[in-house]
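Report on the structure given below.
The values are calculated or read from the model by the stated rules, or taken from the named source; none is laboratory data. Everything numeric here is computed off the predicted structure, so don't read it as measured data. Cβ placement follows ideal geometry from the backbone for every residue including glycine, while neighbour counts extend to all protein chains displayed. We work out accessible area using only protein heavy atoms, side chains counted, and drop any ligands, DNA or RNA first. Shrake-Rupley method; radii C 1.70, N 1.55, O 1.52, S 1.80 Å.
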Amino acid sequence: MIGRFRSGDTIFYGEIEGGRVYSNGGTSAGTFELSELRVLPPSFPSKIVCVGLNYKDHAEEFSMEIPESPVLFLKPPSAVIGHGDKIIYPASSTRVDFEAELAVVIGKRCKNISAEKAEDVIAGYTCFNDVTARDLQRKDGQWTRAKSFDTFAALGPYIVSTEEFDISDAKISCRVNGETKQSSSTSNLIFDIPYLIEFITEIMTLEVGDVIATGTPSGVGELHRGDTVEVEVQGIGTLRNEVV
């Protein structure tokens with residue numbers, strides 16, 4: 001399990017084990033107590049490619065037909081925040097929602113990758129909260145404004161490698177103020193991760209650090225100022241943010 005951290009003015013990647021962080025990178029080489037470090041977003045993407053309506057239970061929840069192909073949209077890198085950072089409720093919205101998701105972090109620059117070769121370009125997996133101004137999404141009729149506010153792409157806390165993570169049946173959940181709002185499994189994905197990588201890289205080049213947010217299960221709901229929202233993916237950990 002790998003994380004990205006700040007110690008003073010130094011930013012570095014380190015391996016997390018038993019409450020400690022081990023780094024061998026330049027001036028940051030050494031062992032740190034996790035509690036002494038600031039956890040940063042584990043990736044700094046050039047783009048975040050998001051998949052809409054990609055859980056069977058989410059489609060059933062709204063009596064929607066299963067899509068024939070993935071529905072994609074983008075979030076800008078300026079929306080990214082990490083574990084423990086604040087989600088800022090925009091003044092122009094009256095309805096902000098959480099969307100718990102599994103995210104894929106790309107490890108190699110890639111284009112036209114087959115599903116069979118998809119694992120070769122994956123650096124690992126992390127948690128993602130696709131925060132959405134739902135009222136603006138409905139008003140605009142498209143998703144760019146509603147999905148793109150600063151702080152609306154919470155990512156983290158850490159990256160787990162493909163060898164350490166079973167994508168076939170990982171539990172995914174969301175809690176708001178300790179109350180479970182979403183509970184599902186990646187076994188409910190409509191389009192699996194290898195297929196998504198093939199589909200997306202036929203359209204665009206993915207750069208190292210880019211993120212694919214794979215969709216949210218049923219139970220999406222509203223956030224309020226003062227709420228604490230947690231996205232947990234089995235085998236990865238818990239991404240926690242406060243709404244302000």
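Worth pointing out:
- With a cut-off of 11 Å between beta carbons, the residues surrounding D130 carry a summed charge of -1, where Lys and Arg count +1 and Asp and Glu -1.
- For segment 7-163, the share of accessible area belonging to carbon and sulfur comes to 49 percent (1.4 Å probe, ligands and nucleic acids excluded).
- Whole-Hz couplings from phi, Karplus 6.51/-1.76/1.60, listed for segment 122-134; x for Gly and Pro: 9, 7, x, 10, 8, 8, 8, 10, 7, 5, 9, 7, 5
- Longest segment of the chain lacking GluC sites (Glu not before Pro) that sit in a DSSP loop with at most 14 other Cβ atoms within 10 Å: 69-162
- The slack in the chain from S35 to T180, taken as 0.36 nm per residue of separation less the alpha-carbon distance, amounts to 49.6 nm.
- Each Lys and Arg contributes +1 and each Asp and Glu -1, all at the Cβ; summed about the Cα centre of segment 188-244, the dipole is approximately 160 debye.
- Dimensions in Å of segment 83-184 - Rg and Dmax from alpha carbons: 16.0, 45
- Estimated at 0.36 nm per residue, the fully extended path between E163 and M64 surpasses their Cα-Cα distance by 32.2 nm.
- Normalised contact order of the chain, rounded percent, pairs of Cα under 8 Å and 6 or more residues apart: 27 percent
- Label point distance in nm, S46-Q234, each placed 7 Å from Cα along Cα→Cβ: 3.6 nm
- Cα convex hull of segment 66-139, projected area averaged across orientations, nm²: 7.2 nm²
- Global dimensions of segment 1-109 from alpha-carbon coordinates: Rg and Dmax equal 18.2, 55 Å.
- FRET efficiency, R225 to I11 (Cβ-Cβ, R0 35 Å, nearest 0.05): 0.75
- Subtracting the Cα-Cα distance of E202 and N24 from their residue separation scaled by 0.36 nm leaves 60.4 nm.
- Dividing the convex hull volume of the alpha carbon atoms of the chain by its residue count gives 125 Å³ per residue.
- For segment 1-121, a simple Cβ point-charge model (Lys and Arg +1, Asp and Glu -1, everything else neutral) yields a dipole of about 620 debye relative to the Cα centre.
- Solvent-free Debye calculation, one equal scatterer per alpha-carbon of segment 124-217: log10 I(q)/I(0) at 0.13, 0.18, 0.20 Å⁻¹ equals -0.56, -1.10, -1.31.
- Equivalent ellipsoid dimensions for segment 13-65 as semi-axes, Å, which come from the Cα gyration tensor, largest first: 39, 15, 8
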